[in-house]
1. Specify which of the listed residues (B:Tyr32, B:Tyr89) is within 14 Å of chain A (Cβ to nearest Cβ) and open to solvent by less than 20 Å² (accessible area, probe 1.4 Å).
2. Which one is farthest from B:Phe34 (Cα to Cα) among residues in region B:56-76 that are open to solvent by 50 Å² or more (accessible area, probe 1.4 Å) and hydroxyl-bearing (Ser, Thr, Tyr)?
3. State whether the residues of region A:18-37 include one that is within 11 Å of chain B (Cβ to nearest Cβ), part of a loop (DSSP other than H, G, I, E, B) and out of contact with any Lys or Arg (no Cβ under 9 Å at 6 or more places or on another chain).
4. In region A:38-48, what count of residues is obtained for those that are touching an Asp or Glu at 6+ places or on another chain (Cβ under 8 Å) and in a loop (DSSP other than H, G, I, E, B)?
5. Return the residues of region A:49-99 that are farther than 25 Å from B:Leu46 by Cα, among the β-branched types (Val, Ile, Thr) and not in a loop (DSSP other than H, G, I, E, B); say none if nothing qualifies.
6. Could you grab me the full set of residues in region B:12-35 that are farther than 22 Å from B:Leu100 by Cβ, among the aliphatic types (A, V, I, L, M) and in a strand (DSSP E or B)?
7. Taking A:Arg113 as meeting all but one of (1) touching a Gly at 6+ places or on another chain (Cβ under 6 Å); (2) open to solvent by 60 Å² or more (accessible area, probe 1.4 Å); (3) part of a strand (DSSP E or B), write down the number of the exception.
Amino acid sequence: NAGVTQTPKFRVLKTGQSMTLLCAQDMNHEYMYWYRQDPGMGLRLIHYSVGEGTTAKGEVPDGYNVSRLKKQNFLLGLESAAPSQTSVYFCASGNLNLGLAGVGELFFGEGSRLTVL
Amino acid sequence: AQSVTQLGSHVSVSEGALVLLRCNYSSSVPPYLFWYVQYPNQGLQLLLKYTSAATLVKGINGFEAEFKKSETSFHLTKPSAHMSDAAEYFCAVRSFTDKLIFGTGTRLQVFP
């Protein structure tokens, strides 16, 4: 059982280049999220999606775009990479609100380490 | 807005000693709270969650956390630290719009 899979795991870019991070989940979750992790700052939400075809901004959305064309995939794009986007990116999926069944949890991928020179 | 604050970015304990990682929350409604653990070069995994069913929540690997409304706290504890507990720990709160808002993390070091 794969869970949440992120590709690529490592990438080095030059300033101004573009790239896409792919997140795939096999748990049939409606909600998917992209976070970035930086030392001393914890995880900050970039964008998220509450279902196929929907996206919404999180805490730090500038410089990123996302798409959710299929329920199982959530793509994070950098159109023109900047050194400030050097970070570890985590994708997560889950159903936090289970209604009467209670509160769910988020499941995380192993991360994608991006360096922008 | 809901938020969590983790006190202490680094905590060091000896193997066998008590582990105490602090988390305080801010919420205008009863919160749903989580503790996640991140081992080196891995993603986050759930340790435990508070969903108002019981104030003392037991998680994996011998960890537990107690919800204290009067202190707006949800501290994580383990009676006896093991070397394998060395990791970074994150407290999180579920927002009104079904997102997780994380604290800045506490790195736990365990010395032999």
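The values are calculated or read from the model by the stated rules, or taken from the named source; none is laboratory data. Computed from a prediction, not measured in an experiment: that's the story for all the values here. We place every Cβ from the backbone using ideal geometry, glycine too, and count neighbours over all the protein chains shown. Protein only, heavy atoms only, side chains kept; ligands, DNA and RNA dropped before computing areas. Shrake-Rupley method; radii C 1.70, N 1.55, O 1.52, S 1.80 Å.
1. Just a single option satisfies the conditions, and that option is B:Tyr89.
2. By that ranking, first place goes to B:Ser70.
3. No, region A:18-37 contains no residue that is within 11 Å of chain B (Cβ to nearest Cβ), part of a loop (DSSP other than H, G, I, E, B) and out of contact with any Lys or Arg (no Cβ under 9 Å at 6 or more places or on another chain).
4. Selection size over region A:38-48: 0.
5. Within region A:49-99, just A:Val66 meets the criteria.
6. B:Val13, B:Val19, B:Leu20
7. (1)
Here's the yes/no breakdown for (1) under 23 Å from A:Val12 (Cα atoms); (2) at pLDDT 95 or above; (3) open to solvent by 40 Å² or more (accessible area, probe 1.4 Å):
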site	(1), (2), (3)
A:Val50	no, no, yes
A:Lys57	no, yes, yes
A:Ser87	yes, yes, no
A:Leu106	no, no, no
